[in-house]
Each structure stands twice: as structure tokens, then as C-alpha cells.
Amino acid sequence: MFCVHLILPGLLFLLCSGAQSVSPGHLSSPDTGTIQTLNRTAAKLLQTDPDSSFYYASLANKHAEKTEYPSGGAEALLHLSNYYNIRGNYSQAMSHALDALHIFDSLHLPAAMADVYAQIAYIYKTMAGQNRTPAYLNSGIAMSRQAYEKYSLAADTAGMANSLNITGILYRDKYYAESVAAYFDTAFYCYRQAMQMITSSGAGEQYLGKLYNNTSQYYSEYKKEYHQGIDWLMKALEFNHQRNNRTSLLYNYGNISFCYRQLKDYTQARAYAERMLKGAEEMGQPLRRHDALYELYQTFKEEGQYAEALEYYILADRITDSLSNADKTREVAEIRGKFETEKKESEIKRLHTEKGIIQQRNIFLSAGLGLFFLLSIALVVLYKRTQRQKQEIADQSLRLTVMMKELHHRVKNNLQVVSSLLSLQSYKATDENAVSAFRETQQRVQAMSLIHQRLYHTGDLMAVDMKEYITDLAESLLASFGFEEDGFGLEINVDKEKLDVEKALPIGLIINEIVTNAMKYAYSGLLRPELLISMTENQQHIILQIKDNGQGMDLTAWQQNKGFGRQLIRALCRQLNASEQILVDGGTGYTLSIPTSRAA
């Protein structure tokens, strides 16, 4: 097998070299034309055979160094960056892209620099991954815009279309990260502009498959027009099949599976997700493998096959952890920081050289002018130090934010796994009391999970938006007990919107217990059940009120109740140093008074 692996790239190179009868094994003195052929071969194979693309790009880079052909070496580095990005090795992808950018910049090749900016933008997109980290998406958008400006100066229509496509992808991810509808509209505008450029000029047709695929997401994910989304995907599928674009086909399979799942055609959804999984495993693409596993998880979950769904969820989550861990994030940030530092130092050296020439030409200037130059040097050094300190602070802040989000993400996922296990176990229980206990425990876990989900999806990692959290929690409990929103009078009044996690979590659990108790016992025989949840704040206390319009509880029985739910409320009240009061009048009203600052 080893011999065959070495022979096949050599034969493929001969086929791709055209009239040049040169094989990789006989490149002791390669010329620039041969290196260009190696780079073209690497580019062609990136979609169909990434490992062979890596082989030819490495060979081109090696021989470019021997022949002192820097632009050929930089082009090879860009192909290697593409390869590492596909494999999920973001630090190597970023390092090779920045090395290529440095070479093209020194050679004053703006069109080639545009290619690198587009590549860096896409690295940031893949780094953002399923978490869709806003910091990476914003950096990617800045890079794609720089690429568009460079392509515009070079009148490169194909490059402009490609950079618009990448910009659209990044805005689509920002829509999911920040829930701003305008971002998806911006993404669709970018796709449409790119297709119009290609149609009118005839340049950049190789990007049409990606644009068809991305346009389908606008209709299926944003407009919920799944049949129209499938129409665009079939165009993309035909385009990529004709060109054997295996990487692009993986995206098509995943999106088709999503559309069929939304249409409840689970047979087709599984079939396309399995195609995606098989192709991703064959090509060694971890991100696409994650997407395929997650799509299978969603399909089995919606079909009610929870054991299979849990299996695929765990496999997908392992890949997420491997691709988005803090070590990789820190490594990429350090590489980018080193590049920026080297660039600044190179610029300072250039300034020093130019200043020396000026000093030689103006040797007879007055001492005052000389003092001016000395002060200028001091200012440059001070500026460099200030910028470095600012960059270090920014890097530390980014690392801390990523690590905190990773923490909340892991806690949320672990709680969801526990919830899924409880749900599966409840299906096996036959005793009604056991089933009820499983369901109540699952609701408590869900109440805690909602906290970490809120923290993960917002910029504030230590405070919870209580109005949104209480609303989600109450609506989840209504659905769990089978109440319809139209037939239930739910009123939520919250003027203390932000609350730290230390108070938000026990308050959420108390609300869960009291509302669960009301759902079980208060509304028997009522035509329209009603529930009021309010949270206000005065100078010293946070006042939580929960009131139903049910038949009213037996206060004596409640005080003597030794059940788990009652014990949990008492424990949480002690934790909050809170006082509780119950009033039975046209229903049951529960009032909790929580000090804004606990006594030492």
C-alpha cells in the first residue's frame, strides 16, 4: 500500500503537467514553470483528494526555496493553509496563511494578498464553528472586506465574487450568534451580487456551486421555504457532481438532509446525512463529520428513537470539544500576535533606516532638529510598548471570554445529556409515581440548563436576563404538563432584568418547584387557569411573587410537608437568606423576599 501511495501522486502529476514530462522524483533543479505546475495540481486536487494536494503543495514549497522563487513558495503555503483548515488544524492553517501574506506583501502583489485575506477570513469562519463565536466572525468579516478591496483594485471579478460569498457565509453565522434578522438579509444580498457578477462577466464560474448551496440556506433556514431550498441544492449537487467537488458535496448532502427533516421525510433525511458522514470520514474532515452526526442526532430525536439520538449526540459533542478547545484558540491567537509583532518590528526597522538616510543628508541641521529626532525615536518606542500592552490585554480578555463560554457550553451539554438519560429511563418505568419523579427531576435539570444556555449565548457571562429566563422556564413547564398557551393566562412582570448567577440559579429552581406544584394540583376543573410571576426590587430586597387562581392549598399540610420539593424550597431559601410568605385568597400566592446583599 505504501508503494502504491507514492506512485499514484507521481502518475497524477504527469497527467496534470501537460507537455512537461517531469515527475516529482526528478526535480533536482526545478524551474519556475514546474513549480507553477505543482501549485496548479495542488489547487485542482484540494476538493477531490486533499492528501495529494498536500503532497504537491509541500513539493512546490520545497523547490521554490531551492530556486529562490518566493511567489511560488507563497502560493504553495496558501494551498497548505487550505489543507490544514480542512483538517481542523487552525494554528497551522493560520501560520501558513500569514507566512504567505508576508511574502506577497514584500513582493507588492495586491491580488495575491487578496487571496490570502480571503483564506484567513475562511479560517476564522471555521474556527467559529458550531459555537459561532462573534469575535472570530467579526475578524473574518474584516478580512473578507480587505480581500474584496484588493480584488477590486486588481479588477479581479472572480475574486470579488468569492470574497462576497465568504462575507455572506460569515453574516449568516452572525445571524445565528446574535439573532439579528438583517444579517441573513445581508448574506443573501452578498450571494445575489456574486452570482450577478459571474453571470455578467463569465469569470468565477467555479464558485457557482457554493453560491447555489448558500442561497438554499437563505430559503430553508431563514424563509422556511424548504422545497425552494431543495431546488437550489439540486442545482448545487449537479454542479459539484460534474466537477467531482467532493468537499462541496458534503455541504450539499447536509443541507438536503436538513430540508427533508423539516418536511418530516426522515428516510431521505437519514440517507443524505449518512452520505455526508461517509464522505467526511473518507476525506478526513472533522467539521463535516460533526455536522453529519448532529443531523443524524436531530433526525432520530424527532422520530422518537431516543437511544440512537443520544449515541449520535455524544459522538458529535466529542468532535466539538476537540475542535474548539482553549489550547487551539490560544495557539492561533499567539500565532496572529507574533505575526503582527514581527510586522510592526519590520516597519520600525524600515523607519530607522529611512531616518538614518535623512540624518546623513541633513548632517548640518541645528541641534534642535537633532533633539526632535531623538524625541521622535522615544515616541516610537513608547507607542510600540503601548500597542503591545493593549494587544496583550485584548488577547487575555479574548482567552478568558472563550474559556468562560467553553465552561458554560460544557455544563449545558452535560445537563442536556443527564436530561436525555432521565427521559429515556422514564420510558422504561411502569409505576406512575416513578414516571412523575423522573419528569420532575428532568424539569429541575432543565431549569439549571437554561441558565447556562443563556450565559453561553450572550456577551455577559456572569449575569442572567431574568425576564427571558423566567419566560422560557414557565413556557417549558406549560408544555410539559400539556397546557395550551391560548387557553392559559400566563403573566410575567420583571423589572429586575439582570441578576448574577449565584442568585438566578436558586430562584429559578424555586420557581420550577412552585409552578410545578400549581400545575399538578391547583387547576383541576378550571376553564381558564391563570398564573402570575413577578420579580421587583426595592432598596433592600428582591421581591418574587407567584400566584395562581386555583382552589387554594392547605397551609397546614404545606408546612408539615416533608416531600423532596418542599425540602428543596426550604434549603434554597436558607441559601438566599430569604423569607417566605403564603396567602390563600382566590388561589395561592407565594411571596419570597430576598436581601439584595447577604449579611456576613
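Readers should treat all values here as calculations from the given coordinates under stated rules, not as data from a laboratory. It should be emphasised that the depicted structure is a prediction, and the values quoted were computed from it without experimental measurement. All Cβ positions, even for glycine, are placed from backbone atoms using ideal geometry, and neighbour counts span all protein chains on display.
List of remarks:
- Residue order for 220, 200, 476, fewest other beta carbons within 10 angstrom first, comes to 200, 476, 220.
- Of the GluC sites (Glu not before Pro) found in region 37-78, those in coil by DSSP whose Cβ has at most 13 other Cβ atoms within 10 Å are 68.
- Cα-based shape type of region 484-530, given that a ≥ b ≥ c are square roots of the gyration tensor eigenvalues and the cut on a/c is 1.5: oblate
- Net charge dipole size for region 226-324 [Lys, Arg +1 and Asp, Glu -1 on Cβ; Debye, nearest 20]: 300 debye
- Proximal charge balance of residue 487 [Cβ under 11 Å; K/R count +1, D/E count -1]: -3
- The Stokes-Einstein estimate for region 150-211, based on a Kirkwood radius over Cα pairs and taken at 10 °C with 1.306 mPa s viscosity, is a diffusion coefficient of 135 µm²/s.
- Our summary gives region 130-270 a relative contact order of 17 percent, counting only alpha carbon pairs under 8 angstrom and 6 or more residues apart.
- If the Kirkwood radius is taken over C-alpha pairs of region 226-324, then at 37 °C and 0.692 mPa s the Stokes-Einstein diffusion coefficient equals 243 µm²/s.
- Cut-off 14 Å between beta-carbons: net charge of the residues surrounding residue 244, Lys and Arg +1, Asp and Glu -1: 0
- Local electrostatic count at residue 309 - Lys and Arg +1, Asp and Glu -1, tallied over other residues with Cβ under 13 Å: -3
- Entry note, region 226-324: relative contact order of 20 percent, from Cα contacts under 8 Å with a spacing of 6+ residues.
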